Every structure is written in structure tokens, then in C-alpha cells.
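What follows is a short report on a single structure.
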Amino acid sequence: MTLPVHKEFLPEVFGLVRGIRKRFNARAVALDMTYSRAQALMSISVREGLTQAELAERLDIRTPSMNRTLDHLEEQGLIERRSCEADKRIRRLFLTPKARAQAEQVVDFTEDLRREVYRGISPEDLERTLEVIRRIQKNLDGLE
């Protein structure tokens, strides 16, 4: 028995996200990277100097999880946490030179993964799908 599409949609989306994350992590392991660490690294590379709290909000990650992710990136020598001049309790995040090279590698294999995942799907189909996903997100935002 086939479920109506409105019941099949969300389980398919959850499965898609798990599958993408699994394949991402399989490729990222060579860089001692995970999806979460790569997301943090890429966000910092786009906006260096953002605070730990800003990064946690941007990635929708709770502070303890964010701290573990940042601890690992710092241990790898990929980021620096610097105290804010105005408020020493606030830590700003910056990439190290080592991280810049690694960020390029992450971008490269992410682009390869995108090409593989989108193979056989037209740009128009992707655009329509993205429109629907954005409307669903807007509906979710309205529930808060």
C-alpha cells in the first residue's frame, strides 16, 4: 500500500539528509573532518570574527555541541578563539592558515558530492524543489 505523498514526503527528506551526511562524512574522514566541523569551518571562513554564540545560532546547534566542535577544530590547529576587546567573555573565531587550505579541500569534495547527487536532475527540477522546501520552511517558521 502506497502512502499519500503528504505522508511520504518528510520521511523521504529525513532519509535524504541522513544519506547526504553519511556520504559527506565518508569523504571528510580523510581530512579528520565531520559534517558538523566542516559546516563550522565553512561558516567561519565566510565570516571570520563571528562569535561562538553567532556561529551556534547560524548552524542551529546548541552551545555544548558547538563547544565540542570548536574544541576539536582548535586542537587540529584550524581555528583560533580570540577574546573580544570590548567584552573578554566573548570569543571571536578566526581561521588559521592551515584551515584555509583545508577549507579549499572541503569545498572541492562538497562540489563533487553535489555534482554526483544532482546527476540526472535538471536545474529546473532543482529550482522547483527548492521553492517547495522554502515554502515548507516558511510554514514551519510560522508555527513558532
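The values are calculated or read from the model by the stated rules, or taken from the named source; none is laboratory data. Since the structure is predicted, the reported quantities are computational estimates derived from the model, not experimental observations. As a convention, Cβ positions derive from the backbone with ideal geometry for all residues, glycine included, and neighbour counts pool all protein chains shown. The area values use the complete protein model at the heavy-atom level, side chains included, leaving out ligands, DNA and RNA. Shrake-Rupley method; radii C 1.70, N 1.55, O 1.52, S 1.80 Å.
Just to be sure I understand, how many residues within region 93-105 are touching a helix residue (DSSP H, G or I) at 6+ places or on another chain (Cβ under 7 Å) and open to solvent by 60 Å² or more (accessible area, probe 1.4 Å)?
1
Restricting attention to region 3-46, which residues are over 25 Å from residue 64 (Cα atoms) and among the aromatic types (Phe, Trp, Tyr)?
Passing the criteria: only 9.
What's the number of the only condition in (1) part of a helix (DSSP H, G or I); (2) closer than 18 Å to residue 46 by Cβ; (3) basic (Lys, Arg) that residue 128 fails to meet?
(2)
Limited to region 45-76, what total is found for residues that are assigned to a helix (DSSP H, G or I), closer than 19 Å to residue 103 by Cβ and not small (Gly, Ala, Ser)?
The number of residues fulfilling the criteria is 14.
Assuming residue 36 fulfils every condition listed in (1) surrounded by 15 or more Cβ atoms within 10 Å (Cβ to Cβ); (2) modelled with pLDDT of 85 or more; (3) more than 25 Å from residue 134 (Cα to Cα) apart from one, which condition is it?
Going through the list (1) surrounded by 15 or more Cβ atoms within 10 Å (Cβ to Cβ); (2) modelled with pLDDT of 85 or more; (3) more than 25 Å from residue 134 (Cα to Cα), residue 36 breaks only (3).
Which residue out of 125, 112, 141, 108 is over 14 Å from the mean Cα position of the chain (by Cα), farther than 22 Å from residue 16 by Cβ and surrounded by fewer than 14 Cβ atoms within 10 Å (Cβ to Cβ)?
After applying the criteria, what remains is 108.
Go through region 89-111 and report how many residues are in a helix (DSSP H, G or I) and either in contact with a strand residue (DSSP E or B) (Cβ under 9 Å, 6 or more places away or on another chain) or in contact (Cβ under 8 Å) with a residue 12 or more places away in the chain (or both).
10
What number of residues within region 14-31 are open to solvent by less than 100 Å² (accessible area, probe 1.4 Å) and touching a residue at least 60 places away in the same chain (Cβ under 8 Å)?
Residues meeting the conditions: 5.
Select from region 63-92 the residues that are at pLDDT below 90 and open to solvent by less than 30 Å² (accessible area, probe 1.4 Å) and write down the one among them that is farthest from residue 41 (Cα to Cα).
84
Taking region 1-52 as the search range and keeping residues that are in contact with a Leu (Cβ under 9 Å, 6 or more places away or on another chain) and β-branched (Val, Ile, Thr), which one is farthest from residue 111 (Cα to Cα)?
Here the residue is 51.
With the condition kept exactly as written, say whether any residue in region 63-85 is touching a residue at least 60 places away in the same chain (Cβ under 8 Å) and under 14 Å from the mean Cα position of the chain (by Cα).
Within region 63-85 (the criterion being touching a residue at least 60 places away in the same chain (Cβ under 8 Å) and under 14 Å from the mean Cα position of the chain (by Cα)), the answer is no, since none of the residues qualifies.
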